[in-house]
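> Input: one structure, supplied below.
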Amino acid sequence: MMKFKNILLLIVLMFFSTTIFAQNPATLKNWELKQYAKNAMLKNDYVMSLLFYNELLLRKPNNSKIKYQVALLNFKIRDYEKSRDLFLDIYNKSNNKHSEALYFYAENSRILGDYSTAEIYFTNFIDNCNDKKHVELLHLSELALQGIGLSKDTNFIENYYVHNLNKTINTPHLESSPIIINDTSFIYSSFGIDSVKIINSSSQTCPKSSYRYAKLVNNDWVGGGSPPAPFFNIPNQSTANGAFSLDKKRFYFSVKELNDRGLQVSQLFVTELINNVWSEPVKLGNKINLPFFNSTQPTVGSTYLSNLEIIYFVSDRSGGWGGKDIWFSVYDKIHQTYTEPTNAGGYINTLGDEMTPFYDADNKIMYFSSNGLVSFGGFDVFKTIGELANWVPAQNIESPINSSFDEFYFSINKNEPKGFFISNRTEALDWGNENCCFDIFSFDMQYSNNLIITGQLVVPDATVFNSINKLLTNSDSIADSSNLYIENAIVDLKIHNIVDSSYVTLFSDTTDNNGRFSFTISRGYDFSMTVNSQGYSFSSCNFSSDYDFQDTVNLDCINVEPNFDKNIVLENILFEFNSATLTESSVAYIDSVIVPVLMLYNEIIVEIGAHTDKVGDTDYNLQLSQDRAQAVVDRIVAAGIPVSRIMAKGYGETKPRMCETFADGSDNASSRQQNRRVEFKILGFIQ
């Protein structure tokens with residue numbers, strides 16, 4: 001499987017790699033410098049590795065291989081200006097021996113916002129390096145050109161106002177993983193170091209990231225406070241990330257540990273709220289945590305069963321699509337078990353890296369960062385809708401959240417159109433170069449990313465069935481002008497997958513006694529609504545959620561028509577005992593109500609169905625019912641209604657409405673009376 005680990009920016013977001021050495025590089029021999037540099041690279045300590053390679057380059061300034069490593073390491077520590085100059089010098093002097101330098105020159109230019117230069121050199125790389133050796137870089141170049149096109153798009157409306165948080169929160173090192181507690185407080189991770197420190201490994205301990213508490217004071221965020229439980233800072237270990245279960249009874253978070261090979265890997269822990277006290281953190285089992293792979297950055301979702309919850313997390317374990325992927329495990333609250341992790345699939349994960357997921361469980365929206373999709377540069381924030389491994393293609397949430405630099409940890413407030421993310425854009429504080437380090441930024445939105453869709457299922461009195469039903473069952477009045485509301489109907493909301501044109505059900509709602517329903521959906525997608533309710537047929541409603549500056553939209557796009565297989569019981573039609581002779585009142589009802597209805601709706605075809613109780617012989621009852629139905633039809637036809645529009649059907653005792661005996665076997669006279677009936681059924685229309 002292709003992995004981009006050797007060609008893409010690898011960021012250890014949880015923890016900043018602190019430079020540790022005990023010897024001056026200038027005192028080392030060349031072979032020692034190479035060995036120290038390679039060892040540091042294996043530990044992802046790019047700052048340390050760069051110190052040794054810089055010393056080598058001073059001694060061998062014309063060595064293109066050493067210069068290439070220096071350029072690449074500057075790229076990894078995000079010193080893009082220096083990296084760009086070095087890669088251009090390498091390419092110009094290498095006679096195409098280092099053709100990859102052309103790609104990295106273009107990529108550095110793109111990250112620095114020089115899109116015109118980047119476009120020229122990406123195109124040059126594609127035209128001149130189109131071979132199997134450069135398949136991955138060619139793919140990245142194509143994505144980069146699409147991203148440059150995205151950056152030129154001025155048709156979108158900027159919905160976000162971005163603010164860099166102050167120095168009580170952001171330091172020259174890394175701040176990460178903002179966790180929103182409420183409207184006035186959040187938790188974040190930080191090293192809490194205000195300057196660059198060189199640590200002597202023989203006498204000092206490397207600094208660790210830990211949770212910090214921030215609160216809103218006079219409309220400004222103030223950080224650095226000690227967090228309450230369950231935000232445990234484990235001694236001598238770096239702690240970061242975190243997500244509550246939906247019931248707020250569990251908190252999942254990441255801890256950096258040394259594995260058997262002496263390498264740091266992220267592992268997931270959980271603490272539980274038991275009797276209003278948070279338990280000591282427990283490391284999740286070996287299904288989720290693997291000794292030689294990272295499991296980090298959890299976020300939590302729900303399923304159709306209330307006893308299950310989904311723990312999404314990031315891992316570089318084998319079996320994924322690329323480098324770091326988003327995976328999930330299902331937690332059973334009753335049995336307290338976790339399933340074997342499953343990859344979240346190809347609509348989220350790519351050949352690159354996907355990181356820092358944030359799941360909005362109420363609206364089934366997954367926000368995450370990726371460098372394997374079309375971006376403005378580096379890692380951008382994307383969103384998709386779905387759950388488990390069922391998603392629609394991801395969308396770039398665009399500027400000003402995304403920039404030509406890297407953006408991670410997008411999170412949004414459940415109560416307000418506000419949130420946080422981190423970025424190494426130029427406005428961030430730095431300790432060496434202006435894009436080295438990540439700060440936490442807040443944002444406000446003009447309007448919510450979500451949209452409330454409402455509707456009402458109404459059968460207007462002009463529909464055939466409703467009007468006829470009113471006229472036949474209220475013979476002393478004409479149908480009024482009120483509407484019939486359809487309650488307890490199931491309305492399904494589905495989202496359109498533009499790749500395979502399928503629709504995936506997201507939510508269901510049941511109409512209230514006024515026929516109303518509502519959904520909260522994400523803007524910028526295509527949806528469909530379907531309805532199921534006995535006695536009616538409904539058209540599906542397809543619509544787009546592209547409604548800027550509106551919070552609520554009422555849809556009236558579902559057409560409602562009755563199903564004509566619903567029968568109307570004619571309570572006013574009665575017969576003489578054990579006879580097919582109509583009573584006088586029944587004759588009057590037929591003449592004054594049924595016949596006028598059939599004249600008014602002169603295109604309908606109907607069936608008059610007669611039913612008996614179970615007393616007597618079955619064959620006799622069948623014939624009696626047929627005779628009674630025919631008696632009604634004869635009276636209607638005698639009034640001038642064409643016989644072609646009406647038919648008689650006797651059902652005998654085959655379709656009872658009620659059981660005619662009680663549980664003890666005794667006779668239920670009331671039920672027998674309800675079973676003896678005549679029904680009016682619309683079969684269709686004259687063609």
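The values are calculated or read from the model by the stated rules, or taken from the named source; none is laboratory data. Model, not experiment: these values are computed from the prediction. Positions of Cβ are backbone-derived with ideal geometry, glycine not excepted, and every protein chain shown enters the neighbour counts. The protein model used for the area step is the full one, side chains on, heavy atoms only, and it has no ligands, DNA or RNA in it. Shrake-Rupley method; radii C 1.70, N 1.55, O 1.52, S 1.80 Å.
> Quick check on segment 324-353: of everything there that is open to solvent by less than 20 Å² (accessible area, probe 1.4 Å), more than 15 Å from the chain's Cα centre (by Cα) and over 17 Å from Leu308 (Cβ atoms), which residue is modelled with the lowest pLDDT?
Ranking the candidates gives Gly352 first.
> Of the conditions (1) at pLDDT 75 or above; (2) open to solvent by 60 Å² or more (accessible area, probe 1.4 Å); (3) polar (S, T, N, Q), Ser448 fails just one. Which one is it?
Every listed condition holds for Ser448 apart from (2).
> Please give the number of the condition Gly377 fails out of (1) closer than 22 Å to Tyr188 by Cα; (2) not in a strand (DSSP E or B).
Gly377 satisfies all of (1) closer than 22 Å to Tyr188 by Cα; (2) not in a strand (DSSP E or B) except (1).
> Another one. I'm told Thr271 meets every condition in (1) more than 21 Å from the chain's Cα centre (by Cα); (2) under 28 Å from Asp45 (Cα atoms); (3) open to solvent by less than 10 Å² (accessible area, probe 1.4 Å) except one. Can you identify the failing condition by its number?
Just one mismatch for Thr271, condition (2).
> Looking only at segment 89-102, which residues are free of Cβ contacts under 8 Å to residues at least 40 places away in the same chain and not basic (Lys, Arg)?
Correct list: Asp89, Ile90, Tyr91, Asn92, Ser94, Asn95, Asn96, His98, Ser99, Ala101, Leu102.
> Inspect segment 67-83 for any residue being surrounded by fewer than 23 Cβ atoms within 10 Å (Cβ to Cβ), in contact (Cβ under 8 Å) with a residue 40 or more places away in the chain, under 24 Å from Asp380 (Cα atoms) and out of contact with any helix residue (DSSP H, G or I) (no Cβ under 7 Å at 6 or more places or on another chain) and give the result as yes or no.
yes
> Would you be able to say whether some residue in segment 158-177 is without any contact (Cβ under 8 Å) to a residue 60 or more places away in the chain, of a type outside the set (S, T, N, Q) and open to solvent by less than 30 Å² (accessible area, probe 1.4 Å)?
no
> List the number of the failed condition for Arg516; all other conditions in (1) surrounded by fewer than 16 Cβ atoms within 10 Å (Cβ to Cβ); (2) charged (D, E, K, R); (3) at pLDDT 85 or above hold.
Failed condition: (1).
> Kindly provide the set of residues from segment 104-138 that are open to solvent by less than 10 Å² (accessible area, probe 1.4 Å) and closer than 22 Å to Pro400 by Cα, ordered by number.
Correct list: Asn108, Ser109, Ile111, Ala118.
> Of all residues in segment 498-524, how many are in contact (Cβ under 8 Å) with a residue 60 or more places away in the chain, in contact with a strand residue (DSSP E or B) (Cβ under 6 Å, 6 or more places away or on another chain) and closer than 15 Å to Asn390 by Cβ?
3
> Report every pair of residues separated by at least 6 positions or lying on different chains whose Cβ atoms are under 7 Å apart, first residue within segment 653-667 and in contact (Cβ under 8 Å) with a residue 40 or more places away in the chain, second among the β-branched types (Val, Ile, Thr).
From segment 653-667, the pairs are Glu653/Thr612; Glu653/Thr618.
> As an exercise: evaluate Asn289 against (1) over 25 Å from Phe410 (Cβ atoms); (2) open to solvent by 30 Å² or more (accessible area, probe 1.4 Å) and give the number of the one condition it does not meet.
Unmet condition: (2).
> Sticking with this structure for a sec: May I ask you to list the residues in segment 310-320 that are over 12 Å from Ser266 (Cβ atoms) and either touching an Asp or Glu at 6+ places or on another chain (Cβ under 8 Å) or buried (at least 24 other Cβ atoms within 10 Å of the Cβ) (or both)?
Listed by number, the residues that qualify are Ile310, Ile311, Tyr312.
> In this structure, does Leu150 turn out to be at pLDDT 90 or above, under 30 Å from the mean Cα position of the chain (by Cα) and closer than 23 Å to Asn424 by Cα?
Taking the combined requirement at face value, the residue does not satisfy it.
> Can you name the residue in segment 222-252 that is among the polar types (S, T, N, Q) and more than 17 Å from Val300 (Cα to Cα) and, of all such residues, is nearest to the chain's Cα centre (by Cα)?
The residue in question is Thr239.
> Now, a different point. Just checking, which of Leu10, Leu88 is open to solvent by 10 Å² or more (accessible area, probe 1.4 Å) and at pLDDT below 85?
Checking each option against the conditions leaves just Leu10.
> Suppose we filter Asn349, Asn363 for residues that are in a loop (DSSP other than H, G, I, E, B), of a type in the set (S, T, N, Q) and in contact with an Asp or Glu (Cβ under 9 Å, 6 or more places away or on another chain); which single one remains?
Answer to the check: Asn349.
> A further question on this structure: Looking only at segment 13-47, count how many residues are in contact with a helix residue (DSSP H, G or I) (Cβ under 7 Å, 6 or more places away or on another chain), polar (S, T, N, Q), open to solvent by 30 Å² or more (accessible area, probe 1.4 Å) and at pLDDT below 80.
Result for segment 13-47: 1.
> Okay, next question. Restricting attention to segment 645-687, which residues are part of a strand (DSSP E or B) and either aromatic (Phe, Trp, Tyr) or more than 30 Å from Asn602 (Cβ to Cβ) (or both)?
Hits for segment 645-687 are Tyr651, Gly652, Thr661, Asp667, Phe680, Phe685.
> Next question, about the same structure. Could we say that Ser404 is buried (at least 23 other Cβ atoms within 10 Å of the Cβ), in a loop (DSSP other than H, G, I, E, B) and of a type outside the set (Lys, Arg) here?
Spelling it out, Ser404 is indeed buried (at least 23 other Cβ atoms within 10 Å of the Cβ), in a loop (DSSP other than H, G, I, E, B) and of a type outside the set (Lys, Arg).
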